[in-house]
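Worksheet: the structure to be examined is printed underneath.
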Amino acid sequence: MPTGSEALLEEFDRQLARLDLMGHWRGVPRQREAPPNRAQLWKWDDIYPNLIRAGEIVDLAYSDRRTLQLVTPGLNRTSPNTQMSIQLVKPGEVATAHRHMFAATRFIVQGENAYTTVDGEPLSLSAGDYVTTPSWCWHDHANESDQPIIWLDVHDNPFVGGALGVRFSEQFAHPTQPFTQAAGTYHDLMGIVRPPNRRQHPAHQPAGYPWKEVRPALERAAAEGQSDPCDGVVLDYVNPITGGHLLPTLGARIQMLLPRVRTQPHRHTSYTIYHVVEGEGVTVVGDKRFEWNKGDCFTVPNWQWHAHEQRGSAPAMLFSAHDQPILEAFDLYREEREES
Ligand SMILES: [Fe+2]
Ligand SMILES: [Fe+2]
């Protein structure tokens, strides 16, 4: 320290602190440390019985949403910008109507023929389907089937409510919304024609991605040999209006790892949350190794090298959600691939 003693500097720091000021020399880490590898695995064998238990002891009158949130130690959420939770709606139950600034999406894990109503339109929910509830859209969920329905709730509240501090929400005046649009209206609006007065802001256009259309598209891509060295056969869920990411703050993919596939390691500045739809395999994330099978969830933090390996005789199918749209919006998205 060429200009003064440590004691002198500490006294100066105390003077600054009394004025709510801090010298840059106190904010700089003394040594460069690699960020901790926060990659995390949640086994379906731990999630499922506890979700069913929640169904026995947590009434929807007590908590309007019955979810188990995936919480990464040290983060208090699943990932910095994106949260994944697992929701259960039992037969005959209604999760009441509300809306909020954060946008949510639902990927159905189990169950048939329940529905969510988004801004007046009922959207059917069956295993493998994926639906979006963009920011500030009214939504309620009803299960009129005779089976429980379970889905992944994936939303951007860590970014919208946390980082940006935009936390508004509102309860609808009644438990459910009236149906103001026929089922299929949004789907039709996504098509090649639409009424001129129905041009909506893309962020507020709900969309549904039926499994019966997505899965054949994935199988077609596999049959055509479309494969990424780092992700296998992979498709983005696309915003039908913009052709870009699903939502301004949230992207999602479906990918298939064919038998004996081992992907090439890469890393990127986006943070990804995976859910195993089918099959089994292994993912190595930095110094961690996750063996996964159907129903498991795991994370790949930003800038951690990772690679997937399929196991067993059947292809593995992975759903994933990520914050790449946020990083791209601020020109912060980077990817690096290991030389093969
Ligand atoms: Fe909600
Ligand atoms: Fe990746």
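The values are calculated or read from the model by the stated rules, or taken from the named source; none is laboratory data. Please read these numbers as outputs of a predicted model, since none were measured by experiment. Don't worry about glycine lacking a Cβ; one is built from the backbone with ideal geometry, like all the others, and counts go over all protein chains shown.
Among the residues of the range 135-170, the one identified as assigned to a loop (DSSP other than H, G, I, E, B), more than 19 Å from residue 118 (Cβ to Cβ), touching a residue at least 24 places away in the same chain (Cβ under 8 Å) and among the hydrophobic types (A, V, I, L, M, F, W, C) is 166. Any residue at all in the range 189-205 that's within 13 Å of ligand 1 (Cβ to nearest atom) and in the same structural domain as residue 66 (by TED's automatic domain parsing)? Looking through the range 189-205, none of the residues is within 13 Å of ligand 1 (Cβ to nearest atom) and in the same structural domain as residue 66 (by TED's automatic domain parsing). All told, residue 13 meets the bar of being away from ligand 1 (no atom under 16 Å from the Cβ) and part of a helix (DSSP H, G or I). Residues in the range 317-331 that are over 19 Å from the mean Cα position of the chain (by Cα) and either within 16 Å of ligand 2 (Cβ to nearest atom) or hydrophobic (A, V, I, L, M, F, W, C) (or both): 330 only. Put simply, of 48, 62 the only residue that is more than 15 Å from the chain's Cα centre (by Cα), farther than 17 Å from residue 296 by Cβ, in the same structural domain as residue 153 (by TED's automatic domain parsing) and not in a strand (DSSP E or B) is 62.
Of these, 240, 259, which one is in a loop (DSSP other than H, G, I, E, B) and in contact with a Ser or Thr (Cβ under 8 Å, 6 or more places away or on another chain)?
Values: 240 fails: in contact with a Ser or Thr (Cβ under 8 Å, 6 or more places away or on another chain).
Of the residues listed, the single one that is in a loop (DSSP other than H, G, I, E, B) and in contact with a Ser or Thr (Cβ under 8 Å, 6 or more places away or on another chain) is 259.
No other residue among 109, 118, 94 is within 20 Å of the chain's Cα centre (by Cα), more than 16 Å from ligand 2 (Cβ to nearest atom) and modelled with pLDDT under 95 apart from 118.
Checked against (1) assigned by TED's automatic domain parsing to the domain that holds residue 132; (2) at negative phi; (3) surrounded by 13 or more Cβ atoms within 10 Å (Cβ to Cβ), residue 184 passes all but a single condition, namely (2).
Exactly one residue out of 289, 311 is away from ligand 1 (no atom under 16 Å from the Cβ), outside the structural domain of residue 75 (by TED's automatic domain parsing) and without any contact (Cβ under 8 Å) to a residue 12 or more places away in the chain: that is 289.
Specify which of the listed residues (273, 254) is among the aliphatic types (A, V, I, L, M), within 12 Å of ligand 2 (Cβ to nearest atom) and touching a residue at least 24 places away in the same chain (Cβ under 8 Å). Spell out the reasoning first.
Working: 254 fails: within 12 Å of ligand 2 (Cβ to nearest atom).
Being among the aliphatic types (A, V, I, L, M), within 12 Å of ligand 2 (Cβ to nearest atom) and touching a residue at least 24 places away in the same chain (Cβ under 8 Å) holds for just one of 273, 254, which is 273.
When the range 264-294 is filtered for residues that are surrounded by 20 or more Cβ atoms within 10 Å (Cβ to Cβ) and not in a strand (DSSP E or B), the ones remaining, listed by number, are 270, 271, 279.
Considering only the range 66-101, state which residues are free of Cβ contacts under 8 Å to residues at least 60 places away in the same chain and either of a type outside the set (Lys, Arg) or buried (at least 24 other Cβ atoms within 10 Å of the Cβ) (or both). Don't jump to the end; show me each part of the working.
Filtering the range 66-101 down to residues free of Cβ contacts under 8 Å to residues at least 60 places away in the same chain leaves 66, 68-69, 71, 73-76, 90-93, 95.
Hits for the range 66-101 are 68, 69, 71, 73, 74, 75, 76, 91, 92, 93, 95.
For the range 210-222, indicate whether the set of residues that are over 21 Å from the mean Cα position of the chain (by Cα), within 15 Å of ligand 2 (Cβ to nearest atom) and buried (at least 16 other Cβ atoms within 10 Å of the Cβ) is non-empty. Checked the range 210-222: no residue is over 21 Å from the mean Cα position of the chain (by Cα), within 15 Å of ligand 2 (Cβ to nearest atom) and buried (at least 16 other Cβ atoms within 10 Å of the Cβ).
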